[in-house]
Every structure is written in structure tokens, then in C-alpha cells.
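A.B. asks: Can you keep this structure in mind? I'll have questions shortly.
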Amino acid sequence: MTGTTKQPSSETTPPSPSGEPSAAGPGLFFAIFTPASHEPRIERLRISRTTLGSDPSSDIVIPSGPPRALEVVLRSGEAHVRPLDSDDCVIEGVLLKGERRVEPGESLRLGDVGLVLNRDPRTTALCPALGQKSFDKRLRQEIARSQRYSRPLALLFLKLENAPPAVEAEIAHKIQQRLRVVDVVGRIGQSALGVLLPETGAEAQIPASRLLRSLEHLGDQVSAGLALCPADGADRDSLVACATKAALQADKGAVGRLSGDVLTLDLLGRTIVAVDPVMKNLFELVADLAQTDLPVLVTGETGVGKEIVAAAVHSWSGRRDRPFVALNCAAVPESLLESELFGHEKGAFSGAIGEKPGLFETADGGTLFLDEISEASSRTQAELLRVIETKKLRRVGSSAERTIDVRVIAASNRRMEHEVSRRRFRRDLFYRLNAARVDIPQLTRRPEDLPVLARTFLSEACVKMGREPMSITEEAMGRLAAHSWPGNVRELKNLMDYVVAVVHHDELTAEHLPAHIGASKKEERPAEATGRFSLVSRAAEPAPSPSPPNGASQAAPARFRNLSDEVEELEKTRMAQALEAAGGIRNQAAKLIGMPLRTFAHKLGKYGFPK
């Protein structure tokens, strides 16, 4: 998108103590970002009053939006903005209703156009780097802008070894002289500088290497690492962590990247990858636990990979050559669960036409993984406790005991302490199973894993479908990073399988993703039929009543809805969302929201979902 700027007016006025408009402060300018442009447009504030809008008579012409959207007034070198004919100007996420001072680094939005006020550091003799808090704030702003407009962003981390403050200031100034006016330099952590490179993706390696070469006279005192948003991370912590680790691993004189810092595991024929330190530390703990025979309790949300962790404990243990048997306790009817676990004798109950060994016997010498252990009945819990303590079991319908040697790993997506306190789970069994604990974080708490997992799942799906490999664009990765992932890793894998099946291109773009992926929370509320299932919208909430005048009573009665109606409405909404995410596969949808399959099937009929 292009625009024009009027010539500076000759009627600028000098600063005045009365607060009247003054001439432009040193180096103030707007960087204007539009969805259609690949580079920001730079518009310097050269006059004391500047208007912005689509009208050709505006000082800065922005084709979209109202004719006269905004006015910028300069007082004593500071910018003040006020809306003109526009009622949709947002500054730092807040609707602009009157005049407000804007500081360098703050962002405004006019419709789909973003504006960031900057001060050119080259207009001063020695401009210090931003302080740590200011740079952190600017980093978060640039990440938000990058995601809002699906534009790339690079962070260069420069580790300075034993550099005194005066040297740091000199280095910062030297860097600033080699950057674009939209780039930002600031302190980031102890003895380190960060450089923000907006609108710069993989090509950031070029200016980053150029900057590092300009500091060659410092020798080994400087190391550099580069991280890209959203490819390496989509929030402040993950981006800084990637850039920091890249700097620590960088070769001398080179800008480091973390492209090879991926932990790859082969577990029972499945390839597992981990980049985030949280998951790497978790697998180190799992490797240590594998060398023991302790029962292990694995907890985490649905879809985080609890069975994978259980498989890792088995694969790295001395039992690796013996069976690994898994059972989802929620998927077996309560009347059959005891028989499934402990086996039964012929004639033990109606339909028992022959003897059958249970899963404990099948897993003898190996590992038994009991998923959704919280769904086991109180009777089954009592039998489990006895078997774990005595290592002996009785088949249903038999009085003879059989000795077994099985390591038990249990898992649940519920808070087990809460289940114990509510007396839904035996306290003694909980302590037995909780001899060792592994808590798996949800996908949104390990953001460094997301890009690598997405590419891995996409590659595996392509191999499975027998098609050429696909890549993921930065815009699509940004959408993936912005999604809340209620189904965690399983939801991500299902999505990659889906896009490989329906996208007939060699590149996955943002347009190929379902609408709910990366949508705002407001947009994620289902309001209309999507795909195969009609999603239930949230009931309209009453608008808040205006505040009463001073002195008036505020004891107006609140309006409530029947609680059971709200619970049913939430259940319907979550069930519909889960069905959509699971592609209509009911058992997967039930797992996504942690609902037993029998309950899920019953409520599908109760709420009138399509069969």
C-alpha cells in the first residue's frame, strides 16, 4: 500500500512555555504497517500539527479508513494524538477517545493499518540503548504486531562478556548506526543487548552477521544468537530463550541458530521430538525413573502425550524386552474392567465361555500402563491396590492366586489430589501409584516445541500419504502459535494429518488452516455451523448497566440464569468444539475434553447432536 506525504509546512512554531504546538522533535517518525506491504512505510513528523487519513489533503495519506482519522500535535518534542472523524483508533489496545501523549515504541491501529511511533537514534550524538524494562515492553509490542499482521520478526541476542557500562553504551551506539530506523537496540538480561529487526525473517542472518563483524575488535567478548518469530517462538520468553541458547552454542565469529538443537527419540516405532527445555528436563527425569521399578503416576491435560512418557519409561528400563500393555480404563465398561485387568475363569459370569488371562498376566515381566485411572470403580481400585502391594492376583471366579511381576504406570488428566479429597479415589492407592510423579505441561507452556512438532507431524503425514514434503509459511506458523490448543499435541497432530489430506499444495499457508486455529478468544466462541457439526453459541449476556450517578444506590438486583442451564450449555459447546477438532471421531473428541466415552455418547443423544 502506498501513500503520499505533503511537504513540510513553513509555518512551524518554536517551542513555547505555554504548551502550544512546537516544531518537530528530533527524529520522530511513524513506521506504518499494512497487510499488503512487506516493508514498513516511514513517515517523519516534520511539522507541529500532522493529520492522517484517506483524504488527499491529509499530511500523511493512508488510503484505508476515514478521510480525517487522526491528528498528531508536537509539544516540546513529544507527540500527542487525538481522533478526528474516526471512532476506531486503538492505542496499545485501548480505544482512543481524547488526546493522549504517545511515547516512542507505542503502537496505534487504524482499522487494518498499524502505526508505531519511533525516534531515530541517529539524530543524537550518543543515544543509549533502551533500558531492560523498556526493551522488554517493546519486544512484547513487536511480537503482538508480528502476530496481528502475520509479519516476520527477528531478535538478535548479543552476549557481552565483562564489558563495563561505558563500553556497552559505545557498542549500542555503534550498532544503532548500522541499523534501519525501525530497528531497536536495548538491554536484555545481565551483560547482554538485544536487537529487534521488524519485518525481517530468515534473511535476518545477513544484517546480524554484519553487526557481529563490526564488533570484531572485541574478540571473544561478544557472542550472538538469532531467533525468529514465529518460527522459533511466538512469545517473549520462548523467543529470548531461543536467541540466548543460540548465542551460547554459536561458533566464534558466527551468529548462532538453534535449528539443530532438537532432541529426537525413537519410542516403540514413534519419533518424539523436543526442543523446549521443560520437555528436555522431563525426559531426563523419565530416563532416571526408568532405571528403578517404582510405580509412576503421569498427569497432564488430554493430548499432552502421557502414553508416550509411559512408553519411554518402559523402553529405557530393564523391562524393554518384555511386553508393554496399555489400557484406557474409561473405554472399558465398569462391569468388564475387573475381568479385563485380572482375567476370569470359565463360567465366572454370564458370557464367560472360557478362561481368559487378564492384562496383568499378559504384561508379566513388563509394564502395564493404566490410562484414565481415575475412572476405575472403587472395587477395581481395591483390587489394584492389593495386586500392587502383594504382586499376586486372583482371576474373577477363581480362589487360586497367581504371582506376577509387573511395573504399573498410571495416568490421569484429572487432579488426583482433588479426586482423593472428594473421596472418588482411594487415598492409599493414590500414594502407591504416586511413588514417582511426572507432570507433563500443556502445549502452550512449551512454545519452543510447537514449530518443530508441527513440521515433524506434517512430514510424517506426507510420508504416510505418499506425497511430496510440505513446508509451513511464517504466517501459518504464526496462526498455529496463537492457537490455545485445548487438545494439545494430539490436536496438533490431527490438524497436520487433516491439512495433508485436503491441501493440494507444497506449502501450508494461513488460508489453508481452519478458521478457529489462531482466532482470538472472541472468535473462538462458536456462533454458527462449522463443518459437520452445528456449534452451540453462548447465550447473549446482558449489557452492563450504566454506573449510577454519585450518591445513587448501587444495590440493584443481579440477573442470574439457572446454573444447570449454564452447565448444559457449556457442555454442548465444548462437546461440539471437541467433535470439530477430532474430525467427528467420538472417542477422540471425548478424550479432548476429558469425558468418559460412555458419558459422551449418552450426552450426544441427550443434546440432539447429529448421528
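Here, each number is a calculation from the coordinates, and none is a lab measurement. Here the structure is a predicted model, which means the values were calculated and not measured. Glycine also receives a Cβ, built like all others from the backbone with ideal geometry; neighbour counts cover every protein chain displayed.
A.B. asks: Mind ranking 599-605, 241-247 by how tightly packed they are, going by the mean number of other C-beta atoms within 10 angstrom, highest first?
C.D. replies: Listed from highest to lowest mean packing, they are 241-247, 599-605.
A.B. asks: With θ taken as phi - 60° and the coefficients 6.51, -1.76 and 1.60, list the Karplus ³J(HN,Hα) couplings across the range 130-139 in order, rounded to whole Hz; mark glycine and proline as x.
C.D. replies: Coupling constants for the range 130-139: 4, x, 4, 5, 5, 5, 4, 5, 5, 4 Hz.
A.B. asks: Something else now. Gain in length, S54 to K392, computed as 0.36 nm per residue apart minus the alpha-carbon separation, to one decimal in nm? List each step's numbers first, then the result.
C.D. replies: Numbers: separation 338, 0.36 × 338 = 121.68 nm, distance 8.13 nm.
Here the segment from S54 to K392 would lengthen by 113.5 nm.
A.B. asks: Additional query: Can you give me the distance in nm between label points at T599 and L285, each placed 7 Å from the Cα along the Cα-to-Cβ direction?
C.D. replies: Inter-label distance under the simple model: 2.7 nm.
A.B. asks: Given a Förster radius of 51 Å and the C-beta distance between I206 and H80 as r, what FRET efficiency does 1/(1 + (r/R0)^6) yield to the nearest 0.05?
C.D. replies: 0.85
A.B. asks: Calculated FRET efficiency, L248 and E355, Cβ-Cβ r, R0 41 Å, to nearest 0.05?
C.D. replies: Approximately 0.10, to the nearest 0.05.
A.B. asks: Once you have the Cα-Cα distance between E99 and S399, take 0.36 nm times their residue separation minus that, and quote the gain in nm to one decimal.
C.D. replies: Contour length minus the Cα-Cα distance gives 99.5 nm.
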